[in-house]
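The values are calculated or read from the model by the stated rules, or taken from the named source; none is laboratory data. Given the structure is predicted, the values throughout are model-derived calculations rather than measurements. Here the Cβ positions follow ideal geometry from the backbone for every residue, glycine too, while neighbour counts run over all protein chains shown. Keep in mind that these areas ignore ligands, DNA and RNA; they rest on the heavy atoms of the full protein, side chains included. Shrake-Rupley method; radii C 1.70, N 1.55, O 1.52, S 1.80 Å.
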Amino acid sequence: MLGAAFCLAALIALGTGPVPIGPLDVLSALAGQPHLAQHEIVIHHLRLPRALLAVSVGASLAVSGAALQGLFRNPLADPALVGVSSGAVLGAVSVIVLGSTVLTVFSTLFAAWAVPVAAFIGALTVTAIIYRLAQSEYGTHVTTLLLAGIAINAIAMAGVGLLTFIADDNQLRTLTFWNLGSLGGATWQSLAVALPLVWLPLLWLMRQADALNALALGEAEAGHLGFDTRRLKRRIVVCVALSVGCATGLTGLIGFVGLLLPHLVRLALGPDHRALLPCAAVGGATLMLLADSAARTVAQPAELPIGIITALLGGPVFLWLLVRQKMSGAI
């Protein structure tokens, strides 16, 4: 059923826009036999790279959220809530604003990779700080984790605000829309650079289902089952930072996907990470495809930032989940 929803969302994303294309024409264009030459140009040069970016970012955020929730044994652990996304944004915005001045050497050294690499460094730095603060001799302190995430979010957003203050008019316009999230910058060139950095750690995370199931029993129990918990936690943190950092570097800040999708999948299928991780990936990709379709069509000919769409969808649904659990006595 989830696979069918994903295929339907992909057809909607490829077929909707200023040039409407029917499902059969979409399939013909993908097969290299378009009925109109215009369809092939629109599908292959505009909508297909955008759809691939939506799938990658949605899967990255959802799987990273599920992995962090399993790692910290906390359903509120999310790349945005614990500061990973904010750190990535701060790194990316630093390169956008300071790339021609203070960070010229960095921008020259990494060229087209500069923004994704800066986002990764920002995400990894923030994650490492939060992880160190939350660790104690008894394991991970959840309250400290969330409070540190709130503080780091505030500091990172203050840094973004300062960089926005000193940005020129062109940078300011770019930053305004970039901070709200957009898939409009998707090109085959940018995908070739960034997708390996998003998908390689993502695929590794999806192979850690058994380890995350063991961690759900407790760190000591996972150690008794043969898992090196210290090394496992370090690798999960690095992979989440790399995948989310690169995804955020491409699209800007997109919230609620990493928090909401694991909860919905867990409600439907249970807490087993062997089902949770792949289904969260498909669900996150489906949500991003539908959100991007809505962003491109709701206010035509203008385009809404996709971060607004995911917040409008995710906020009410998450509140519903909280009320539902409160009424059932779970919280």
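Overview of values
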item: Region 51-140: C-alpha gyration tensor shape, a/c 1.5 cut-off, then a/b vs b/c; result: oblate
item: Overall form of region 156-214 per C-alpha gyration tensor (a/c, 1.5; a/b vs b/c); result: oblate
item: Accessible surface, 1.4 Å probe, highest first, among residues Asp25, Asp292; result: Asp25, Asp292
item: Shape of region 40-189, Cα gyration tensor, a/c cut at 1.5; result: oblate
item: Whole-angstrom gap from region 57-88 to region 265-311, using each part's C-alpha centre; result: 15 Å
item: With DNA, RNA and ligands ignored, accessible area of Ile155 (1.4 Å probe; Å², nearest 10); result: 110 Å²
item: Distance in nm between pseudo-label sites at His45 and Val102 (7 Å out along the Cβ direction from Cα); result: 4.0 nm
item: For region 1-59, the Rg and Dmax computed from alpha carbons only, in angstrom; result: 11.2, 33
item: Bins of 5 Å from zero: percent of alpha-carbon pairs in region 127-186; result: 4, 16, 18, 14, 12, 13, 11, 8, 3, 1, 0
item: P(r) histogram, all alpha-carbon pairs of region 115-243 included - 5 Å bins from 0, percent; result: 2, 9, 13, 17, 17, 15, 11, 7, 5, 2, 1, 0
item: Base-10 log of normalised Debye intensity for the chain (one unit scatterer per alpha-carbon) at q = 0.12, 0.13, 0.14 Å⁻¹; result: -0.83, -0.97, -1.11
item: At least 27 Å along the helix axis (C-alpha) and Kyte average at least -1.0, DSSP helices within the chain; result: 48-72, 114-134, 142-166, 229-251, 273-297, 306-327
item: Accessible surface, the chain, averaged per residue in Å² (probe 1.4 Å); result: 47 Å²
item: Of all accessible heavy-atom area on the chain, the percent that carbon and sulfur account for (1.4 Å); result: 70 percent
item: Heavy-atom accessible area order for Ile121, Ile254, largest first, 1.4 Å probe; result: Ile121, Ile254
item: Mean projection area, nm², convex hull over Cα of region 231-331; result: 7.9 nm²
item: At R0 = 41 Å, FRET efficiency that the Cβ-Cβ distance of Asp228 and Ala111 yields, to 0.05; result: 0.65
item: Helix-only CD estimate at 222 nm, as mean residue ellipticity for the chain, using -39500 (n - 2.57) per DSSP H run (n ≥ 4); result: -24500 deg cm²/dmol
item: Residues listed by number, region 1-29, amide nitrogen under 17 Å from Gln300 label point at 7 Å toward C-beta; result: 11-26
